[in-house]
1. Give the lysines whose C-alpha is closer than 18 Å to that of Lys55, dropping any in the same chain fewer than 8 places away, or say none.
2. Given the -39500 (n - 2.57) contribution per DSSP H run of 4+ residues, what per-residue ellipticity at 222 nm results for the chain, rounded to the nearest 500 deg cm²/dmol?
3. Determine the per residue accessible area of the range 48-144 with all protein chains present and a 1.4 angstrom probe, expressed in square angstrom.
4. Between Ser222 and Arg152, what is 0.36 nm times their sequence separation minus the Cα-Cα distance? Round to one decimal in nm.
5. What's the carbon and sulfur percent of the range 156-300's accessible surface, probe 1.4 angstrom, rounded to a whole number?
6. How would the range 289-390 be classified by its alpha-carbon gyration tensor: rounded, prolate or oblate, with rounded meaning a/c under 1.5 and the a/b versus b/c comparison settling the rest?
7. For a quick check of your reading of the filter: which chymotrypsin sites (Phe, Trp or Tyr not before Pro) in the range 254-348 sit in a DSSP loop and have no more than 15 other Cβ atoms within 10 Å?
8. Based on the Cβ-Cβ distance from Ala118 to Ala265, what FRET efficiency comes out when R0 is 51 Å, to the nearest 0.05?
Amino acid sequence: MNDTILAPDDLAALVALRRDLHAHPELGFEEERTSAIVREFLTGCGLEIEAGLGKTGIVATLRGETDGPAIALRADMDALAMPEAADRPWRSTVPGKMHGCGHDGHTVMLLGAARALAKRKDLAGTVHFVFQPAEEGRGGAKAMVEDGLFDRFRIDRFYGLHNMPGIPVGQMAVVEGPQLASSDHWHVTFRGVGTHGGKPHLGRDPIVAAGQFLSSLQTIVSRGTDPIDTAVVSACALAAGDFKALNVIPDEIRIGGTARTYSHATRDRVEAEIGRVAAGIASANGIEADYRFIRQMPPVINESDATRRATEAAQAALGAASVMTAFPPSTAGDDFAIFSSRVPGAYVWLGNGPAEDGALHHNTRYDFNDDAILPGVAFWTRLVEQELGG
């Protein structure tokens, strides 16, 4: 890794900025302070800036002296609605909000790369530094697209980076194919006929139907999915009746959950199967079922050529021995998939070091590892130099 990419003072400033962002977390579409800091930093780099995409998103553009490809690099900026348990000098100052996934680090690494690259005059092509709001389930990527991201900016390839606890600092994983699962919600409401709990024959019990549904739901994966494929269907919420009226069978019961898959075809099948199971059980019990499947984000699937390019950049930045080309996908989701479903893309994992005290992503003790800033900046910088012929 070329440690001359950042001068010691620049690296120290990025560490200080990362900790400042960590101490002042903002949720999706509320990143006003973060966005202002990013905008001021990028203005100081002399880049073209478009603010307000997806409400608080920012795109900064660096144009080379000659024509060439146009690529985009994504960093997410939002925090999570969760408390921070660890006691560190830069812990969250906002109750109930925390940078529990490392987006503070992602933002700072892309800023560092933008500053390093802004000095280059020999690039052939264009790079867009995309600072995305609301990655954590609030639809920030979709909002940026709806605000004209792909209409206002030419983008040939899109790249994303996420820290990964458990991978040593200074190492990366760059893998072709599925990286993150689709992330979708489903809702089923069974509507029966309520009655006295001691006279169930006078009604149509939706709770019995719900029990059958919850059991049968698991067969969608265990008996309806190819064993070498992967899917998750989980029921995560249940609402019916009243514990103050335990002699009343209610009229209806609501069930909700999540579905995760790694392919578009499996996603389509899971959506259809949940509805089929619900309708069949409702019919067998003489009741009705209302079903909704809410598609939130597709799976992140790395395209082969973009993955090859990212692999070469990672190897050039960190050394071939520090880059894994085999790494298991995650059942988490990331709306980077909205971008990479429009143009070829690659999503890479950057080592964040050991998960101290078991603190993985979305854990109250998690923290981004500041030692990962330099490797992240080195990767982004080398990728742009490689893509734009520098």
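The values are calculated or read from the model by the stated rules, or taken from the named source; none is laboratory data. Source: prediction; values computed, not measured. Here Cβ is always computed from backbone atoms with ideal geometry, including for glycine, and neighbour counts include all displayed protein chains. Ligands, DNA and RNA are stripped out before the accessible areas are found, and what is left, the full protein with its side chains, is counted by its heavy atoms. Shrake-Rupley method; radii C 1.70, N 1.55, O 1.52, S 1.80 Å.
1. Lys142
2. -10000 deg cm²/dmol
3. Heavy-atom SASA per residue in the range 48-144 reads 33 Å².
4. 20.7 nm
5. Whole-percent figure for carbon plus sulfur exposure: 53.
6. Oblate, because a/c is 1.5 or more while a/b does not exceed b/c.
7. Sites meeting the loop and neighbour criteria: none at all.
8. Once rounded, the FRET efficiency stands at 0.75.
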